[in-house]
Each structure stands twice: as structure tokens, then as C-alpha cells.
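In what follows, a structure is listed as C-alpha cells, so that the remarks can point back to it.
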Amino acid sequence: MGSSAECDRDRFFNWEEVQRHCTRSDRWLVICRKVYDISDFSKRHPGGARVIGHYAGQDATDPFTAFHIDKTLVNKYLKSLLIGELAPDQPSLESWKSKPATDDFRELRALVERTNLLKPNKLFFAGLLVHLLLLDIAAWLTLWYFGTSLLPFLISTALLAIVQAQGGWLQHDFGHLSVFSKSKWNHLVHKFIIGHLKGAPASWWNHLHFQHHAKPNCFRKDPDINMHPIFFVLGKKLSVEVGKQKKKYMPYQYQHKYFFLIGPPALLPLYFQWYIFYFAVQRRQWVDLAWMVSFYIRISLTYIPLLGIQGFLIMLFLVRFVESNWFVWVTQMNHIPMMIDHDQKEDWLTMQLHATCNVHQSLFNDWFTGHLNFQIEHHLFPTMPRHNFHKVAPLVRSLCAKHGLEYQSKPLFTAFADIVHSLKESGELWLDAYLHK
């Protein structure tokens, strides 16, 4: 006779049963019609409990495929979690999701895999890393050779700011497992770049960023919009919702103005710079903390002998200030102007297109944004190496046109301006609801 576990795997479920299991302590999800109980496993999930928990009670086939590069390894975990499958009369997707769009997207995904668009050019990424190291060395040589007067100081600061911003894009590549075929090598280089070159914990980035990709612009699931509603009101629906609830934590009707004060200039030097240490200690991420400390030891030993402690602290603040502006404008231009709402449980293609937009391609835009001007392609294929985004973009655009999904692409400064216009609009919607509804 078979074991009880084997008997359980022969069970059939309908979608109504699956959707009931969506609480913190009781979580099921569906992958390729198989039903898995992740209630206990979610706490041990390498990507974090939250990112997998965001799909509790839902089909997770496409995010599962998108995030994992070693399916053989992952399937070993899945075997012990399998409890059954969808009944033969049940559709593969929830009834409200677009089956034609999903089927076509999965065909595109198969084409991407067959044509090696997920295969990285390691020389491309080696060149990016070398250019960071050379700029880092040039920053120190500028002060060492030309002295510490104002002009060399500003040049050195600018070079270090470029290293930090571009290092942010490069660690992003390794964090998404886009460079090596083995996850462990991506993780190792990721820790080196974000930890030793930038002074931040890889675990913190993983914790936040994978949730963002799993459910972009979904309130209470995407950490990138956690500033709503404490500092800003975001999205047309959510802004009206906060207004109707008569909540007012900030004068939101002016948020498009105070964004310039507490947004781009302040995020890194006044918040992330300190919170990341709390995160690493509170979660006992000692390896990440060691990488972070190595950054501060290196940069202190490098620059304090030339600038003194005060000059070094001023330089570090200016570097973080420039990096913060660069980071916020680039990362928010693709999402803040788009649909922001509670989780609508849309299919993968529709959800990503509603939450993301692109910026036109150019050599400068590609470099300045770390190819995140191809945000749509990046969100649909998060492990795709960035140098292939432009190759798949025409295929994605055609797929969107076929299914009536708007594929937005705009000039860089238009994208920046749309952040402000969006904040102004949502602030006005909040005010109207606050006063009159």
C-alpha cells in the first residue's frame, strides 16, 4: 500500500478550495496545476516568507518560472510540499485571469529560452565591474595626486558617486541571478558588490526587491510603495480611499513639492544609510554585516589620511546625496506614474504592464539607468541579462498590442516629470475625497 503522503498527492481540488488557504498560517498555491502546501515551508523559503506568501491562494506558475534559474534544485523542495492537483474540470488559471494572454506569454517565454536570451555575456558584466573598480581607483588618485583643494575634492566625490550609483545597478544584476548559471556564484559576487563596494546588506536587498517584482505596485505587498500613506498618497484609487477615511498624515496636496525635499535627496543619506545596519543586526545577518563593515574600513583607511575625519564625512554625505537623487529618480520613474492599488491578482503579463513603463533606449539612458529603462522586459523576465532587453522588447511590444495592453515608453525627462505630475494628481484626488466624500 502507498503511504498517506502519496495518497494525499492523488487528491483533486477546485479553485475555491485553494483560494481559502491564503492566511499567514495556512498557505497553498498552484504551480503548473499542482497544488502545494507552503504553510511551514514559507518560513524557510530562501527568498523570504513574504515573497512566496504573496501568492497564497493563487496560481504562481509564472513568477515561479521567472525567479528560479535552477528548476531541478527547486523541484526537490516542491516534492515534499505537493498535496494534490487541480481537478480535471478546473481551469489552469483563476477565472478572472486572461488565459489567451497567459498562454501567449508562456509561448514567448519558451522562445526566449530557446533563443538563449537568458544566456549572459560574462565579458559584458566583467567590463562593468572593471569600469567600477577603475573609477574607484581614479577617485582616490585624484586627491592623492592633485591635492585636497575644492576642485579635486569635487571631482573625486563625483567619481565615487558614479561608482555607488553604477554599483547599485551591477549588484542588481547579480541579485537577480542574471550572470552565472549557478545561484551560489551570483550570491557571492552580489555580496561583494553590494557589501564591500557599497556598504549595504544583500539580504536586505533580497528581502525588499523580490517582493517588489512579485507584486509590483500592490499595496501591502510591494515594499517600494510603503511610503503610502505615511509620507505620500499614491495611485488614483488608494488616494481617494485614504481621503474617504479622513486620514491626513501629511499635507498631501503639496506632496509634489515636498517630494523634492524628503524624496530623492533624503532617502539614502537620512534613512537607508542607518536602517541597513539595524536590519542586518536585527535579522542576525552577520556575514552581510561583515561585508558592510569591510566597506567602511576600506573607505575610511583610504580617505581619512587625505581628508581628515571631517572632510571624509562631508565627502561620504555628498556621495550618498548624489547617489540618492540618482537612485530615486531612476527607480521611481517606471512605477509611480503607473497603476497603484491593492492586489488585483492579475495574470503575470497584465500585472507587470499595469505597474511598469519604459524609457526610450539610448547609450546614455542605458548606462545612466543600468538598462532599467527596459523596465517592462526586466519585470517580465527578471533573470534575463540586461544586454538582451532590447532584443526581446519588440516581441513584448507585439504581444501587448495583440492583447490590448498599453506598452508605455517615453523620453527620460518626461519620465522624471511624470513622477511629479502623478504625485500632484493623487494629492488633488486625496484632497477632494478628504473634503467632500
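When the trypsin sites (Lys or Arg not before Pro) in the stretch 160-242 are filtered for DSSP coil states and for at most 15 other beta-carbon atoms within 10 Å of their beta-carbon, the remaining sites are LYS182, ARG220.
Kindly state, to the nearest 0.05, the FRET efficiency for GLN273 paired with LYS244, given R0 = 45 Å and r defined as their beta-carbon distance. Computed FRET efficiency for GLN273 and LYS244 comes out at 0.80. Legend: calculated FRET efficiency, GLU425 to TYR145, from the Cβ-Cβ distance at R0 = 45 Å, rounded to 0.05, equals 0.35. Membrane-span-like helices in the chain (whole DSSP H runs, Cα extent of at least 24 Å along the helix axis, mean Kyte-Doolittle hydropathy of at least -0.5): 122-146, 150-175, 286-333, 412-436. Structural descriptor for the chain: relative contact order 19 percent, calculated from alpha carbon pairs under 8 angstrom and at least 6 residues apart. Loop sites by DSSP among the chymotrypsin sites (Phe, Trp or Tyr not before Pro) of the chain, restricted to those with at most 13 other Cβ atoms within 10 angstrom, leave 250-437 as the longest stretch without any of them. Within the stretch 12-95, DSSP assigns beta bridges of which about 75% are antiparallel (rounded to the nearest 5). The accessible area of SER398, taken with all protein chains in place and a 1.4 Å probe, comes to roughly 80 Å². Among LEU150, SER178, PHE105, whose Cα projects farthest towards the positive end of the dipole of the chain, with charges put on the beta-carbon of Lys, Arg (+1) and Asp, Glu (-1)? Going by the Cα projections, it comes out as LEU150. Remark: spin-label model distance LYS122-PHE12 equals 4.9 nm, labels positioned 7 Å along the Cα→Cβ axis. Could you list the residues of the stretch 332-364 with an amide nitrogen less than 14 Å from a label point located 7 Å from the Cα of LYS402 in the Cα-to-C-beta direction? Within reach of a label on LYS402, which here means backbone N under 14 Å from a point 7 Å along Cα→Cβ, the stretch 332-364 contributes 349-350.
The label-point distance for PHE317 and ALA266, in a model that sets each label 7 Å from Cα toward Cβ, rounds to 1.5 nm.
Eigenvalues of the alpha-carbon gyration tensor of the stretch 12-95, scaled by 5 and square-rooted, set the equivalent ellipsoid semi-axes at 19, 15, 11 angstrom, largest first.
Within the stretch 94-193, the proportion of C-alpha pairs whose separation exceeds 19 Å stands at 60%. The distance separating the Cα centre of the stretch 353-422 from that of the stretch 218-259 comes to 25 Å. Semi-axes of the equivalent ellipsoid of the chain are 38, 27, 22 Å, computed as sqrt(5λ) over the eigenvalues of the C-alpha gyration tensor in descending order. Note on the chain: GNM, Cα springs under 10 Å; of VAL130, VAL322, VAL233, the largest mean-square fluctuation is that of VAL130.
The values are calculated or read from the model by the stated rules, or taken from the named source; none is laboratory data. Keep in mind it's a predicted model, so treat the numbers as computed, not measured. Neighbour counts run over all protein chains shown; Cβ positions are idealised from the backbone, glycine included. The protein model used for the area step is the full one, side chains on, heavy atoms only, and it has no ligands, DNA or RNA in it. Shrake-Rupley method; radii C 1.70, N 1.55, O 1.52, S 1.80 Å.
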